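Chemist: This structure is in structure tokens; I'll ask about it shortly.
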Amino acid sequence: MGMTVQDHLDADLWYRCENELGEGPVAHRGRGSLIWFDVLNRRVFERSFSGGETREHVLDVMASAAALVDDRHALIATEVDLRLLDLDAGTTKPVVPFLEKEFDLRSNDGAVHPSGAFWISSMGKNAEPEAGGIWWFLDGELRLLFDRITIPNTISFTPGGDAAYFSDSAKRTIWRVPTDPETGLPRGEPVMFRQLHDEGAPDGAVVDADGRLWIACWGGSAVYAWNPDGTVFDICRLPVSQPSCPAFFGADLDEIAVTTAREHMSADQIAAEQLAGSVFKLRRKVRGVAEPFVRIG
């Protein structure tokens, strides 16, 4: 029997959908579910780890990243504010203004540091050069950490909270910066971790329990995993060209979900990648770290 395309892949379909820009997956162990966004269509999704019914809420603004608050609420980053989302009702409540006066910007990537600090990024709605930045939120305070970034992505943290990763997808550059385990604030200046080339553009990322960095490579049809020393640990091939972000999920956090996108794809490209915009599960058993709860204050 001959080999099929599927035999060369490292991912299976977990949930079929047509997200224009699937992003921001996060596992909520208390609810036993995966939460993610379709940024451009202003949607937030939630699906049980075991599958079954998928809940979908329509938002009035674009949102892209979530920080867990409790068993019913998440703090979400939107194009105008950080707001509290009721995961059951789908209602929202503003917490702190974010980009409300920056009409050409929106939120992009985000993750919670082990300290409870929420790092989120902003970018131009048309990816205007160096219009974006990375922000830090903790106990009601919001401040800008890094600016002049075109498409800030790859926000993720080591399990002990002593370092952060981030990237500029436009430059295909990934940086690492030491962080204070107690506050999540940077200690010192970022240092280049990897410069990508043929792999694709670094998009969303997550760090596993052993400190390896798993990055969705936009345009590269793969999730790459790098060891802390920068050497390649694994390459997981997907059947779509625009994977956007991985997240550990499942009862034991030993499965990896990957959101994908069909943004900027032509009709012919979508016909060739009919599963673009769906959520996939990698054929790997790797242990992740439980998502910390954000400290709102």
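Read the figures in this text as sums done on the coordinates, not as results from a lab. Values in this document were obtained by computation on a predicted structure and should not be read as measured data. Cβ atoms come from the backbone with ideal geometry, glycine included; neighbour counts cover every protein chain shown.
Chemist: Need one number: nm distance between label points at F233 and A127, each 7 Å from Cα along Cα→Cβ, rounded to one decimal.
Modeler: For F233 paired with A127, the spin-label model returns 2.8 nm.
Chemist: Could you please state, rounded to a whole Å, how far the C-alpha centre of the range 141-155 is from the C-alpha centre of the range 101-119?
Modeler: For the range 141-155 versus the range 101-119, the Cα centre distance is 8 Å.
Chemist: Moving on. Mind checking the range 185-282 for trypsin sites (Lys or Arg not before Pro) that DSSP puts in a loop (not H, G, I, E or B) and that have at most 14 other Cβ atoms within 10 Å?
Modeler: Those satisfying the criteria are R187.
Chemist: Tabulate in residue order the Karplus-calculated ³J(HN,Hα) for the range 90-105, using 6.51 cos²θ - 1.76 cosθ + 1.60 with θ = phi - 60°, rounded to whole Hz; enter x for Gly and Pro.
Modeler: Each residue's phi maps through the Karplus curve to give x, 7, 10, 9, x, 10, 8, x, 10, 10, 4, 9, 10, 5, 9, 10 Hz.
Chemist: Could you pull out every residue, at least 5 positions away or on a different chain, whose amide H is within less than 5 Å of the one on V80? Hs are placed 1.01 Å off N in the peptide plane, and Pro or chain starts have none.
Modeler: L99
Chemist: Remind me, relative contact order of the range 5-282 in percent, using alpha carbon pairs under 8 angstrom and six or more residues apart?
Modeler: Relative contact order here is 17 percent.
Chemist: At 222 nm, what value in deg cm²/dmol follows for the chain if DSSP H runs of at least 4 each add -39500 (n - 2.57) and the sum is divided by all its residues, to the nearest 500?
Modeler: -500 deg cm²/dmol
Chemist: Taking 7 Å along the Cα-to-C-beta vector as the label spot, tell me the R29-L84 distance in nanometres, rounded to one decimal.
Modeler: It is 2.4 nm.
Chemist: Find the eigenvalues of the gyration tensor of the Cα atoms of the range 24-82, then list the square roots of 5 times those eigenvalues as equivalent ellipsoid semi-axes, largest first, in whole angstrom.
Modeler: Sorted largest first and rounded, they come to 19, 13, 8 Å.
Chemist: Now for a separate question. Given 0.36 nm per residue, what is the gain on full extension from E100 to S48 after removing their alpha carbon distance, in nm?
Modeler: Taking E100 through S48 to full extension adds about 15.4 nm, to one decimal.
Chemist: Kirkwood Rh over alpha-carbon pairs of the chain, then Stokes-Einstein at 37 °C and 0.692 mPa s: what D in µm² s⁻¹, rounded to an integer?
Modeler: Here the translational diffusion coefficient equals 176 µm²/s.
Chemist: Let me ask you something else. Give me the extension gain from D147 to D198: residue separation times 0.36 nm, minus the current Cα-Cα distance, reported in nm with one decimal.
Modeler: Result for the pair: 15.7 nm of gain on full extension.
Chemist: Something else about it: Which loop GluC sites (Glu not before Pro) in the range 134-234, with loop taken from DSSP, have no more than 16 other Cβ atoms within 10 angstrom of their Cβ? Numbers along the way, then the final one.
Modeler: Numbers: sites: E141, E182, E199; in loops: E182, E199.
Within the range 134-234, the qualifying GluC sites (Glu not before Pro) (loop, at most 16 other Cβ atoms within 10 Å) are E182.
Chemist: May I pose another question? Sum up the charges of everything whose Cβ sits under 15 Å from the Cβ of P202, counting Lys and Arg as +1 and Asp and Glu as -1, but leave P202 out.
Modeler: Here the charged neighbours net out to -1.
Chemist: What whole-number distance in Å separates the alpha-carbon centres of the range 15-94 and the range 166-202?
Modeler: 26
Chemist: Apply the Karplus curve 6.51 cos²θ - 1.76 cosθ + 1.60, θ = phi - 60°, to the phi angles in the range 244-258 and return the couplings in whole Hz, x for Gly and Pro.
Modeler: 10, 6, x, 8, 6, 8, x, 4, 9, 6, 10, 10, 10, 8, 9
Chemist: Please identify every one of the chymotrypsin sites (Phe, Trp or Tyr not before Pro) in the range 63-119 that sits in a loop by DSSP and has no more than 12 other beta carbons within 10 Å of its own beta carbon.
Modeler: Details: sites: F98, F103, F118, W119; in loops: F98, F103.
Counting only loop positions with at most 12 other Cβ atoms within 10 Å, the chymotrypsin sites (Phe, Trp or Tyr not before Pro) in the range 63-119 are F103.
Chemist: Whose amide H sits under 5 Å from the amide H of S64, counting only residues 5 or more places off or on another chain, with H placed in the peptide plane?
Modeler: Long-range HN contacts for S64: A77.
Chemist: Would you mind counting up the charge near P97? Only other residues with Cβ under 12 Å from its Cβ, with Lys and Arg at +1 and Asp and Glu at -1. Kindly include the intermediate steps, with their values, before the conclusion.
Modeler: On the way: positive: R83, K101; negative: E79, D81, E100, E102.
In short, -2.
Chemist: Between R187 and E263, with labels modelled 7 Å along Cα→Cβ, what's the label distance in nm to one decimal, could you check?
Modeler: Each label point is offset 7 Å from its Cα along the Cβ direction, giving 3.4 nm.
Chemist: Go through the range 113-122 residue by residue and turn each phi into a ³J(HN,Hα) via Karplus (6.51, -1.76, 1.60, θ = phi - 60°); whole Hz please, and just put x for glycine and proline.
Modeler: 6, x, 6, x, 7, 9, 8, 9, 10, 10
Chemist: Out of S121, S278, S64, any idea which swings most in a Gaussian network model of the chain, alpha carbons joined below 10 Å?
Modeler: Sorting by GNM fluctuation, first place goes to S278.
Chemist: Something else: Extension gain I270-D254, at 0.36 nm per residue separation less the Cα-Cα distance, in nm?
Modeler: Taking I270 through D254 to full extension adds about 2.7 nm, to one decimal.
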